[in-house]
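The values are calculated or read from the model by the stated rules, or taken from the named source; none is laboratory data. Not measured: the values here are computed from a predicted model. Cβ atoms come from the backbone with ideal geometry, glycine included; neighbour counts cover every protein chain shown. The protein model used for the area step is the full one, side chains on, heavy atoms only, and it has no ligands, DNA or RNA in it. Shrake-Rupley method; radii C 1.70, N 1.55, O 1.52, S 1.80 Å.
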Amino acid sequence: MEKLLELENVSYSYQDGKEKNQILDHASYLFEKGKIYAVVGASGSGKTTTLSLASGLDKPDDGKVLFKGKDIQEIGLNKYRREDISIVFQSYNLIYYMNALENVMSALEIAGIKRKDKKEYCLSILEQLGLSKDECKRDIRQLSGGQQQRVAIAIAREVDLILCDEPTGNLDEKNSIEIMNTFLDLAHIHHKCVILVTHSPTLAKMCDVSLKIK
């Protein structure tokens, strides 16, 4: 498998009054393309911190986060977040004055991806994820939670690294399994690296690797 993301002796802490809370202490791990990883652990153990560091939303106190062998701070955190990764949130984080199609087309623009057939291309992605043409052009607030999360995944699938923060937290069990199967397809068929934070033992068992943070 191809190495994609690496945490190299990463430490992270925060100050709570006079007390220093050490969240990660020289943690190292290697993430590969074509696999889906679950990050599990008790609340406050460092799951979301790990995702924040991997996504360049925060910086480690010590150590490095490497993407394709290069320190993401050397790549430039803004460039890295814009071009190399996507984040799928529990709350979808879609633009609600745009419909599903416009959300995906806008994401391509922001990422600097140029396509002559952009509209047809984005429609085909959404249809592959189970949305009809009518649903693609419907007010985003009229879509179900599962459909909105599929729009978020459509935005995410253009990059090699997809980071997910409780992506099924607002969904029922049926939709959760369907969304999880979509992530499995992205990893195994489209050769992406998917890392998700989850509290669900069921979803963690579906992943190739389950990492427990203590």
(message) Suppose all protein chains stay in the model; what accessible area per residue would a 1.4 Å probe give for the range 19-66, in Å²?
(response) 44 Å²
(request) Using a 10 Å cut-off on Cβ atoms, rank the peptides 16-26, 48-58 from the highest mean neighbour count down. (result) 48-58, 16-26
(request) State which entries of K64/K205; K35/K64; K20/K212; K3/K79 exceed 24 angstrom in Cα-Cα distance in the structure shown. (result) K64/K205
(request) Compare the peptides 198-204, 145-151 by average per-residue count of other Cβ atoms within 10 angstrom and give them in order, highest first. (result) 145-151, 198-204
(message) Out of the trypsin sites (Lys or Arg not before Pro) in the range 51-121, which ones are loop residues according to DSSP with at most 13 other C-beta atoms within 10 Å?
(response) K114, R115, K116
(message) Helix-only mean residue ellipticity at 222 nm, the chain, DSSP H runs n ≥ 4 weighted -39,500 (n - 2.57), per residue, nearest 500. What is it?
(response) -10500 deg cm²/dmol
(request) Over the range 50-175, calculate the relative contact order: mean separation of alpha carbon pairs under 8 Å at least 6 apart, over the residue count, as a percent. (result) 36 percent
(message) Restricting the calculation to Cα positions, tell me the Rg (one decimal) and the Dmax (whole number) of the range 1-142 in Å.
(response) 18.5, 57
(request) Only Cα pairs under 8 Å and at least 6 apart count here; give the relative contact order of the chain as a rounded whole percent. (result) 31 percent
(message) What FRET efficiency comes out for I113 versus K214 if R0 is 45 angstrom and r is the Cβ-Cβ distance? Round to the nearest 0.05.
(response) 0.70
(request) Considering Cα pairs under 8 angstrom that are at least six residues apart, work out the relative contact order of the range 1-94 and quote it in whole percent. (result) 32 percent
(request) Enter the Cα centre distance for the pair the range 62-118 and the range 141-195, rounded to the nearest angstrom. (result) 15 Å
(request) In Å³ and rounded to a whole number, note down the convex hull volume per residue for the Cα atoms of the range 70-214. (result) 125 Å³
(message) Under a Cβ-only charge scheme (Lys and Arg +1, Asp and Glu -1), can you give me the dipole magnitude of the chain about the Cα centre, in debye to the nearest 20?
(response) 280 debye
(message) Compute, for the range 167-214, the length of the dipole vector about the Cα centre, with Cβ point charges of +1 (Lys, Arg) and -1 (Asp, Glu) only. Units Debye, rounded to 20.
(response) 260 debye
(request) Could you give the DSSP H helices of the chain that reach 20 angstrom or more along their long axis (alpha carbon positions) and whose average Kyte-Doolittle hydropathy is no lower than -0.5? (result) 173-188
(request) Could you please put V40, V88 in sequence from largest to smallest accessible area, using a 1.4 Å probe? (result) V40, V88
(request) Run the accessible area of the chain with a 1.4 Å probe and give the carbon-and-sulfur part as a rounded percent. (result) 46 percent
